[in-house]
Amino acid sequence: MLDIIKGAVSLGLLWSVMTIGVYITYRVLDIADLTVEGSIAMGAAIAAQAITNGINPYIATGISLLGGMAAGLVTGLLHTKLKIPALLSGILTMIALYSINLRILGKASLSLLRMETVYTPFERLGLDSSWAIIALGLISVIIVICFLYWFFGTEIGCAIRATGNNPNMVRAQGINTNTMIIIGLVISNGLVALSGALISQNQTFADVQMGTGSIVIGLASVIIGEVLFGKRNFFLRLVSLAMGAITYRIIIALVLKMGMHSNDLKLFTAITVAVALALPIIKAYINPPKIAIEEGE
Amino acid sequence: MLSVNGIYKVFNPGTVNQKIALRNVSIEMEEGDFVTLIGGNGAGKSTLLNCVAGVYGVDRGTINIAGTDATKLPEHKRATMLGRVFQDPMMGTASDMILEENLALALRRGQPRGFKWGITSKERETYRQMLSHLDLGLENRLHTKVGLLSGGQRQAVTLLMATIKKPKLLLLDEHTAALDPKTAERVLALTDKLISENNLTTMMVTHNMRDAIKHGNRLIMMHDGRIILDIRGEEKKKLTVESLLKRFGSASGEEFTYDRALLS
Ligand SMILES: Nc1ncnc2c1ncn2[C@@H]1O[C@H](COP(=O)(O)OP(=O)(O)O)[C@@H](O)[C@H]1O
Ligand SMILES: [Mg+2]
């Protein structure tokens, strides 16, 4: 049982990075970005191919990050310059990435068995493999959270947050909302690809299919994090996202242990997310809001 | 300060819904002019302001703001010269962000945004002072989400944001229309105060004839996409609702059927 929890926590930490990426588009920019399904697999593919070719795993992971950022840039340009709706822009990039990822991998799947990965240095320190993952996962999540906490406090970061909230007002304040949307998509998909690179090195293979359904896993983690761990200030909100991703993995580990077939997992996750998104409506139905009569000032 | 030259704006051109919203509109505004813009529903007032602000491009004609040819400038570039307040109190502020964050976005209008902190502690003092002048008790609510403020408070904040960096031109589009009469009066008084303190060049759309007569040094009336009256100086001071109605009739060849204006 402890091993199951340990495995779930380590996997959750790696998926936290992706969850935070999804949060940036879904909550901060108010865009449902499907690019992530392609960029997570792209991150995995780039890292696996680079490592196979003898590139240092840390550098390989860095290249994955850049690849994801490029994918975000493409979606951003499709959406802002060509005026294609955000959802469709993401789908187009996602589909295009499927072919590109196959090109990168050269085949449907690439093994990293017995190769040096980002976790190897931690194992050399004497950590067993799941502690090595937890250690590196924790370091990555802390770096990402600190970076984003700083970034969204800067002038650009504030402008991006405002863009997701009220783009009309942001333009009226002299800010190019297109640029802000592009920056947000670039950072988001960079993080998602980084997460993909870490995940593939953990599972010791990269698979062109591994992105399928990842957006729903990301959303589930965001929602679990928000519901269970609140969202007082921005820093705690970022921490709660990581907690959400970990909780999601623990829940999945438990339902599998209780006998759910792993083929049914995606159905289970989709239903969970649908119910969570419908919560406000369900709540209002059970407990109708009282009509508030506004007083004059 | 503003020079609009023969602009046309057509919505849905070439379709059955084609609508010529502006027909050959020209306006020259001097520095310090305070124009009140009045006209019936659908006369083209909002379209004119939106064309000046760059929300829409024009189909013909030119727009020059403070010596800059703005005809082809995108909205966010023109915004560096403009202050805007909209009819809908939700439009001018980011409701999920706190009051000081909204003000900080406005204080940086016209500057490139970089990696400096979005708000400095020095600014907070300025905000507190400015807010205390509004007399709405907002100076102690810098950390309140703007979405929790009342419509009147939000319009006052939007006004402050529009003028915190002195704009070359202030555009107000029925910014008190969504407020109850008492609040509207307070926001209008605040508007007057900010305009005269900063000597702002202003174009204010109003649906209220009395307000249009009472405020500003110049009154422009629009009808069916055209400017039909432009009254200034001594003549403007002597205007009454009756004389304005009469002049509308002879300028447009129609009876004035704008009940909202008549009733108020
Ligand atoms: N975005 C738009 N698309 C199509 N028609 C529009 C649009 N905006 C305004 N119009 C039309 O243009 C005319 C002028 O509208 P508007 O400028 O909003 O009038 P006003 O502000 O004077 O009431 C109206 O007939 C309106 O229906
Ligand atoms: Mg209007």
| query | Do we have A:Leu105 as surrounded by fewer than 18 Cβ atoms within 10 Å (Cβ to Cβ) and not acidic (Asp, Glu) here? | reply | no
| field | Selection count, the range B:6-31, where residues are among the hydrophobic types (A, V, I, L, M, F, W, C) and part of a loop (DSSP other than H, G, I, E, B) | value | 1
| Qualifying residue in the range A:89-110 (condition: farther than 17 Å from A:Met210 by Cβ, under 21 Å from the mean Cα position of the chain (by Cα) and either among the acidic types (Asp, Glu) or not in a helix (DSSP H, G or I) (or both)) | no
| Considering residues of the range B:171-201 that are within 14 Å of chain A (Cβ to nearest Cβ) and not in a helix (DSSP H, G or I) only, the residue farthest from ligand 2 (Cβ to nearest atom) | B:Asp180
| request: Answer with yes or no whether A:Tyr58 is within 30 Å of A:Asn233 (Cα to Cα) and aromatic (Phe, Trp, Tyr). | output: no
| remark: Wholly inside the range B:32-136, strands (runs of 3 or more DSSP E) that include 1 or more residues that are within 14 Å of chain A (Cβ to nearest Cβ) and within 16 Å of ligand 2 (Cβ to nearest atom) are B:82-85
| request: Specify which of the listed residues (A:Gly157, A:Gly174) is within 12 Å of another protein chain (Cβ to nearest Cβ), surrounded by 21 or more Cβ atoms within 10 Å (Cβ to Cβ) and not in a helix (DSSP H, G or I). | output: A:Gly174
| task | Determine, yes or no, whether B:Ala106 is modelled with pLDDT of 95 or more and small (Gly, Ala, Ser). | result | yes
| Selection within the range B:51-85 - crowded, with 16+ Cβ neighbours inside 10 Å and among the β-branched types (Val, Ile, Thr) | B:Val52, B:Val55, B:Val58, B:Ile63, B:Ile65, B:Thr71, B:Thr80, B:Val85
| query | Are any residues in the range B:1-22 of a type in the set (D, E, K, R) and either surrounded by fewer than 16 Cβ atoms within 10 Å (Cβ to Cβ) or more than 13 Å from ligand 1 (Cβ to nearest atom) (or both), and if so, which ones? | reply | B:Lys19
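The values are calculated or read from the model by the stated rules, or taken from the named source; none is laboratory data. Model, not experiment: these values are computed from the prediction. Cβ: placed from backbone, ideal geometry, glycine included. Neighbour counts: every protein chain shown.
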